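Below: the structure, in C-alpha coordinates.
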Amino acid sequence: MSFPQNALPQGYPLRQADGKGLVTLSMETQHHGFRAIALNGFKMLVKSGEINADNSIKEGKRKFTMLRGIIFDMDGTITKPKVDFAAIEREIGAQVGFIIDYAERSSPEERTRALSILERFEAQAAIESELNEGVLEMLEFLSKKKLKKAILTRNSRKSVDTVLRKHNLHFEYIVSREDAKPKPAPDPIFLLSKKMEIHTDHLLMVGDYKYDIMCGKAAGTRTVLLRYKEYVETEVTPDFEITSILEVIEIVERFQPKQISV
(Lines give C-alpha, C1' and ligand atoms only; values in the text may rest on other atoms or scores of the structure.)
Protein backbone atom coordinates (compact mmCIF):
# COMPACT_ATOMS: atom_id res chain seq x y z
CA MET A 1 0.00 0.00 0.00
CA SER A 2 1.29 3.46 -0.83
CA PHE A 3 0.28 6.69 0.85
CA PRO A 4 1.41 10.31 0.57
CA GLN A 5 4.36 10.73 2.90
CA ASN A 6 3.03 13.95 4.46
CA ALA A 7 -0.14 12.13 5.54
CA LEU A 8 1.77 9.75 7.80
CA PRO A 9 2.34 10.53 11.48
CA GLN A 10 5.89 11.44 12.49
CA GLY A 11 7.94 8.44 13.53
CA TYR A 12 5.70 5.94 11.75
CA PRO A 13 7.88 3.02 10.59
CA LEU A 14 8.56 3.18 6.88
CA ARG A 15 9.70 0.30 4.71
CA GLN A 16 10.45 2.08 1.47
CA ALA A 17 10.22 5.54 -0.06
CA ASP A 18 10.18 6.34 -3.75
CA GLY A 19 11.04 9.47 -5.69
CA LYS A 20 7.42 10.58 -5.83
CA GLY A 21 7.05 11.21 -2.12
CA LEU A 22 5.22 7.93 -1.49
CA VAL A 23 6.02 5.41 1.20
CA THR A 24 5.18 1.72 1.17
CA LEU A 25 3.95 0.00 4.32
CA SER A 26 3.72 -3.73 4.82
CA MET A 27 0.98 -5.07 7.07
CA GLU A 28 3.52 -6.30 9.62
CA THR A 29 5.35 -2.96 9.57
CA GLN A 30 2.18 -1.03 10.30
CA HIS A 31 1.91 -2.67 13.72
CA HIS A 32 5.64 -2.99 14.44
CA GLY A 33 6.82 -1.45 17.66
CA PHE A 34 3.41 -0.68 19.13
CA ARG A 35 1.86 -1.96 22.34
CA ALA A 36 -1.75 -1.78 23.49
CA ILE A 37 -2.17 -0.19 26.91
CA ALA A 38 -4.98 1.29 28.99
CA LEU A 39 -4.75 5.01 29.72
CA ASN A 40 -7.38 7.17 31.42
CA GLY A 41 -9.91 4.39 30.95
CA PHE A 42 -9.32 3.97 27.21
CA LYS A 43 -7.53 1.34 25.17
CA MET A 44 -4.84 2.82 22.93
CA LEU A 45 -1.68 1.99 20.97
CA VAL A 46 1.67 3.44 22.00
CA LYS A 47 5.19 2.79 20.70
CA SER A 48 6.98 0.33 22.98
CA GLY A 49 9.97 2.65 23.41
CA GLU A 50 7.72 5.32 24.86
CA ILE A 51 6.37 3.18 27.73
CA ASN A 52 7.87 2.69 31.20
CA ALA A 53 7.93 -0.70 32.91
CA ASP A 54 4.71 0.20 34.76
CA ASN A 55 2.93 0.95 31.44
CA SER A 56 3.03 4.72 32.05
CA ILE A 57 4.14 6.93 29.19
CA LYS A 58 7.71 8.20 29.43
CA GLU A 59 7.96 11.89 30.25
CA GLY A 60 8.64 13.95 27.15
CA LYS A 61 8.29 10.96 24.82
CA ARG A 62 4.62 10.70 24.00
CA LYS A 63 3.77 14.27 23.05
CA PHE A 64 0.41 13.94 21.39
CA THR A 65 -0.42 16.47 18.74
CA MET A 66 -3.30 18.84 19.35
CA LEU A 67 -6.63 17.52 18.13
CA ARG A 68 -8.07 19.95 15.58
CA GLY A 69 -10.80 17.98 13.83
CA ILE A 70 -13.01 14.90 14.15
CA ILE A 71 -14.34 12.80 11.27
CA PHE A 72 -17.49 10.76 11.85
CA ASP A 73 -19.01 7.85 10.01
CA MET A 74 -22.75 8.42 9.62
CA ASP A 75 -24.88 5.23 9.60
CA GLY A 76 -24.35 3.44 12.92
CA THR A 77 -22.28 6.27 14.41
CA ILE A 78 -24.23 9.53 14.14
CA THR A 79 -27.47 7.63 13.46
CA LYS A 80 -28.71 4.24 14.55
CA PRO A 81 -28.16 1.51 11.92
CA LYS A 82 -31.19 1.43 9.61
CA VAL A 83 -30.24 0.16 6.14
CA ASP A 84 -31.59 -3.38 5.63
CA PHE A 85 -28.72 -4.98 3.72
CA ALA A 86 -30.33 -8.42 3.82
CA ALA A 87 -33.37 -7.01 2.03
CA ILE A 88 -31.11 -5.35 -0.53
CA GLU A 89 -29.43 -8.67 -1.27
CA ARG A 90 -32.81 -10.34 -1.68
CA GLU A 91 -33.85 -7.75 -4.24
CA ILE A 92 -30.54 -8.00 -6.08
CA GLY A 93 -31.08 -11.75 -6.17
CA ALA A 94 -27.83 -12.98 -4.64
CA GLN A 95 -25.67 -12.80 -1.55
CA VAL A 96 -23.22 -10.19 -2.77
CA GLY A 97 -21.59 -8.95 0.44
CA PHE A 98 -20.86 -5.22 0.39
CA ILE A 99 -23.15 -3.69 -2.21
CA ILE A 100 -20.74 -0.95 -3.31
CA ASP A 101 -17.92 -3.46 -3.82
CA TYR A 102 -20.27 -5.76 -5.74
CA ALA A 103 -21.40 -2.89 -7.97
CA GLU A 104 -17.82 -1.89 -8.76
CA ARG A 105 -16.89 -5.37 -9.99
CA SER A 106 -20.12 -5.85 -11.98
CA SER A 107 -21.03 -4.98 -15.56
CA PRO A 108 -22.15 -1.37 -16.18
CA GLU A 109 -25.77 -2.50 -16.41
CA GLU A 110 -25.63 -4.52 -13.20
CA ARG A 111 -23.72 -1.75 -11.44
CA THR A 112 -26.48 0.71 -12.29
CA ARG A 113 -29.18 -1.73 -11.13
CA ALA A 114 -27.43 -2.58 -7.85
CA LEU A 115 -26.72 1.05 -6.95
CA SER A 116 -30.29 2.02 -7.80
CA ILE A 117 -31.57 -0.59 -5.36
CA LEU A 118 -29.07 0.51 -2.71
CA GLU A 119 -29.96 4.19 -3.10
CA ARG A 120 -33.67 3.44 -2.73
CA PHE A 121 -33.09 1.61 0.55
CA GLU A 122 -30.68 4.32 1.73
CA ALA A 123 -33.24 7.02 0.99
CA GLN A 124 -35.89 5.24 3.05
CA ALA A 125 -33.43 4.63 5.91
CA ALA A 126 -32.47 8.31 5.88
CA ILE A 127 -36.12 9.37 6.11
CA GLU A 128 -36.65 7.00 9.05
CA SER A 129 -33.28 7.74 10.67
CA GLU A 130 -32.85 8.22 14.41
CA LEU A 131 -29.89 9.86 16.08
CA ASN A 132 -27.76 7.81 18.42
CA GLU A 133 -28.27 8.81 22.02
CA GLY A 134 -25.97 11.66 23.04
CA VAL A 135 -25.11 12.86 19.53
CA LEU A 136 -26.51 16.38 19.95
CA GLU A 137 -24.76 16.90 23.28
CA MET A 138 -21.49 15.60 21.88
CA LEU A 139 -21.64 17.81 18.77
CA GLU A 140 -22.47 20.87 20.86
CA PHE A 141 -19.42 20.18 23.01
CA LEU A 142 -17.17 19.90 19.94
CA SER A 143 -18.52 23.17 18.59
CA LYS A 144 -17.71 24.92 21.86
CA LYS A 145 -14.19 23.51 21.63
CA LYS A 146 -14.00 24.95 18.08
CA LEU A 147 -13.07 21.57 16.61
CA LYS A 148 -13.82 21.09 12.94
CA LYS A 149 -16.34 18.33 12.22
CA ALA A 150 -16.74 16.14 9.14
CA ILE A 151 -18.88 13.29 7.88
CA LEU A 152 -17.24 10.44 5.98
CA THR A 153 -19.64 7.80 4.69
CA ARG A 154 -20.03 5.08 2.10
CA ASN A 155 -23.63 6.29 1.71
CA SER A 156 -24.81 8.59 -1.08
CA ARG A 157 -24.67 12.36 -0.66
CA LYS A 158 -28.43 12.49 -1.14
CA SER A 159 -29.02 10.29 1.90
CA VAL A 160 -26.55 12.36 3.94
CA ASP A 161 -28.41 15.56 3.07
CA THR A 162 -31.72 13.94 4.09
CA VAL A 163 -30.34 12.92 7.48
CA LEU A 164 -28.80 16.32 8.17
CA ARG A 165 -32.00 18.17 7.22
CA LYS A 166 -34.22 15.90 9.27
CA HIS A 167 -32.16 16.30 12.43
CA ASN A 168 -31.03 19.89 11.82
CA LEU A 169 -27.36 18.93 11.93
CA HIS A 170 -24.49 20.88 10.45
CA PHE A 171 -21.12 19.45 9.45
CA GLU A 172 -18.60 21.76 7.81
CA TYR A 173 -17.20 19.01 5.60
CA ILE A 174 -18.82 15.97 3.98
CA VAL A 175 -17.34 13.19 1.86
CA SER A 176 -19.69 10.53 0.49
CA ARG A 177 -19.09 7.66 -1.92
CA GLU A 178 -19.44 9.98 -4.93
CA ASP A 179 -16.42 12.04 -3.83
CA ALA A 180 -13.60 9.52 -3.38
CA LYS A 181 -12.72 5.85 -3.26
CA PRO A 182 -14.77 4.52 -0.34
CA LYS A 183 -13.54 3.23 3.00
CA PRO A 184 -11.44 1.26 3.89
CA ALA A 185 -9.19 3.08 1.41
CA PRO A 186 -7.51 6.14 2.99
CA ASP A 187 -8.40 8.37 0.02
CA PRO A 188 -11.49 10.02 1.56
CA ILE A 189 -9.57 11.04 4.69
CA PHE A 190 -6.76 12.49 2.58
CA LEU A 191 -9.44 14.48 0.75
CA LEU A 192 -10.97 15.69 4.02
CA SER A 193 -7.54 16.53 5.40
CA LYS A 194 -7.00 18.81 2.41
CA LYS A 195 -10.46 20.39 2.63
CA MET A 196 -10.20 20.92 6.38
CA GLU A 197 -6.60 22.14 6.09
CA ILE A 198 -5.64 19.82 8.93
CA HIS A 199 -2.79 17.29 8.83
CA THR A 200 -3.98 13.76 9.55
CA ASP A 201 -1.84 13.78 12.73
CA HIS A 202 -4.42 16.19 14.16
CA LEU A 203 -7.55 14.26 13.12
CA LEU A 204 -9.67 11.65 14.89
CA MET A 205 -11.74 9.09 12.93
CA VAL A 206 -14.85 7.78 14.72
CA GLY A 207 -16.87 4.87 13.36
CA ASP A 208 -18.70 1.66 14.23
CA TYR A 209 -17.07 -0.78 11.80
CA LYS A 210 -13.63 -2.08 10.90
CA TYR A 211 -13.60 -0.15 7.62
CA ASP A 212 -13.67 3.10 9.61
CA ILE A 213 -10.66 2.00 11.64
CA MET A 214 -8.76 0.66 8.64
CA CYS A 215 -9.38 3.89 6.76
CA GLY A 216 -8.23 6.05 9.65
CA LYS A 217 -5.11 4.04 10.38
CA ALA A 218 -4.10 3.93 6.71
CA ALA A 219 -4.41 7.72 6.54
CA GLY A 220 -2.55 8.34 9.80
CA THR A 221 -5.38 9.55 12.06
CA ARG A 222 -6.20 8.35 15.53
CA THR A 223 -9.20 6.04 15.54
CA VAL A 224 -12.24 5.39 17.73
CA LEU A 225 -14.49 2.32 17.44
CA LEU A 226 -18.05 2.75 18.66
CA ARG A 227 -18.70 -0.84 19.65
CA TYR A 228 -22.15 -2.36 19.81
CA LYS A 229 -22.66 -5.35 22.11
CA GLU A 230 -23.23 -7.73 19.20
CA TYR A 231 -20.16 -6.54 17.30
CA VAL A 232 -16.73 -7.92 18.19
CA GLU A 233 -13.83 -6.60 16.12
CA THR A 234 -10.78 -8.86 15.80
CA GLU A 235 -9.16 -7.80 12.52
CA VAL A 236 -8.04 -4.29 13.50
CA THR A 237 -7.17 -2.53 16.74
CA PRO A 238 -8.55 1.00 17.19
CA ASP A 239 -6.76 3.53 19.36
CA PHE A 240 -9.92 3.80 21.48
CA GLU A 241 -13.01 1.67 22.03
CA ILE A 242 -16.23 3.28 23.28
CA THR A 243 -19.77 2.04 23.85
CA SER A 244 -21.50 5.45 23.67
CA ILE A 245 -20.91 8.37 21.31
CA LEU A 246 -20.85 10.60 24.41
CA GLU A 247 -17.48 9.08 25.28
CA VAL A 248 -15.98 11.14 22.46
CA ILE A 249 -16.32 14.04 24.92
CA GLU A 250 -14.17 12.14 27.41
CA ILE A 251 -11.52 11.46 24.80
CA VAL A 252 -11.30 15.15 23.99
CA GLU A 253 -11.71 16.44 27.55
CA ARG A 254 -9.94 13.84 29.69
CA PHE A 255 -7.42 12.32 27.35
CA GLN A 256 -6.24 14.89 24.82
CA PRO A 257 -5.15 17.67 27.21
CA LYS A 258 -3.04 15.22 29.23
CA GLN A 259 -0.97 14.42 26.15
CA ILE A 260 0.04 17.99 25.37
CA SER A 261 3.48 19.05 26.57
CA VAL A 262 3.32 22.19 28.70
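The values are calculated or read from the model by the stated rules, or taken from the named source; none is laboratory data. The structure presented is a predicted model; accordingly, all values stated were derived computationally and were not measured. In this analysis, Cβ positions are derived from the backbone assuming ideal geometry, glycine residues included, and neighbour counts consider all displayed protein chains. Calculation scope for accessible area: heavy atoms of the full protein, side chains included, ligands and nucleic acids excluded. Shrake-Rupley method; radii C 1.70, N 1.55, O 1.52, S 1.80 Å.
Within the stretch 224-237, not a single residue is at pLDDT 90 or above, closer than 24 Å to GLU137 by Cα and in contact with a Gly (Cβ under 6 Å, 6 or more places away or on another chain).
From the list GLU89, GLU119, exactly one residue is of a type in the set (Asp, Glu) and either touching a residue at least 60 places away in the same chain (Cβ under 8 Å) or open to solvent by less than 80 Å² (accessible area, probe 1.4 Å) (or both). Which is it?
GLU89
If the condition is being in contact with a helix residue (DSSP H, G or I) (Cβ under 7 Å, 6 or more places away or on another chain) and closer than 22 Å to ASP161 by Cβ, then the stretch 86-113 contributes ILE88, ILE99, ALA103. Limited to the stretch 71-81, what total is found for residues that are crowded, with 18+ Cβ neighbours inside 10 Å and charged (D, E, K, R)? Residues flagged as crowded, with 18+ Cβ neighbours inside 10 Å and charged (D, E, K, R) within the stretch 71-81 amount to 2. State whether one or more residues within the stretch 172-179 are open to solvent by less than 80 Å² (accessible area, probe 1.4 Å), more than 20 Å from THR221 (Cα to Cα) and in contact with a helix residue (DSSP H, G or I) (Cβ under 8 Å, 6 or more places away or on another chain). Checked the stretch 172-179: no residue is open to solvent by less than 80 Å² (accessible area, probe 1.4 Å), more than 20 Å from THR221 (Cα to Cα) and in contact with a helix residue (DSSP H, G or I) (Cβ under 8 Å, 6 or more places away or on another chain). Do the conditions hold for PRO182, that is, is it open to solvent by 10 Å² or more (accessible area, probe 1.4 Å), touching a residue at least 24 places away in the same chain (Cβ under 8 Å) and over 10 Å from the mean Cα position of the chain (by Cα)? Yes, satisfied.
Quick check: anything in the stretch 60-73 closer than 25 Å to SER244 by Cβ, part of a loop (DSSP other than H, G, I, E, B) and at pLDDT below 50? Taking every residue of the stretch 60-73 in turn, none turns out to be closer than 25 Å to SER244 by Cβ, part of a loop (DSSP other than H, G, I, E, B) and at pLDDT below 50.
Considering only residues that are within 13 Å of ASP73 (Cα to Cα) and open to solvent by less than 10 Å² (accessible area, probe 1.4 Å), which ones fall in the stretch 193-225?
Of the stretch 193-225, the ones within 13 Å of ASP73 (Cα to Cα) are 204-216, 223-225.
Listed by number, the residues that qualify are LEU204, MET205, VAL206, GLY207, ASP212, ILE213, CYS215, GLY216, THR223, VAL224, LEU225.
The set of residues from the stretch 235-244 being in contact with a strand residue (DSSP E or B) (Cβ under 6 Å, 6 or more places away or on another chain) and of a type in the set (A, V, I, L, M) comprises just one member, ILE242.
Scanning the stretch 92-116 for residues being surrounded by 13 or more Cβ atoms within 10 Å (Cβ to Cβ), modelled with pLDDT of 80 or more and either part of a helix (DSSP H, G or I) or charged (D, E, K, R) (or both) gives a total of 9. Scanning the stretch 238-259 for residues that are at pLDDT below 90 and open to solvent by less than 60 Å² (accessible area, probe 1.4 Å) yields VAL252, PHE255, GLN256, GLN259.
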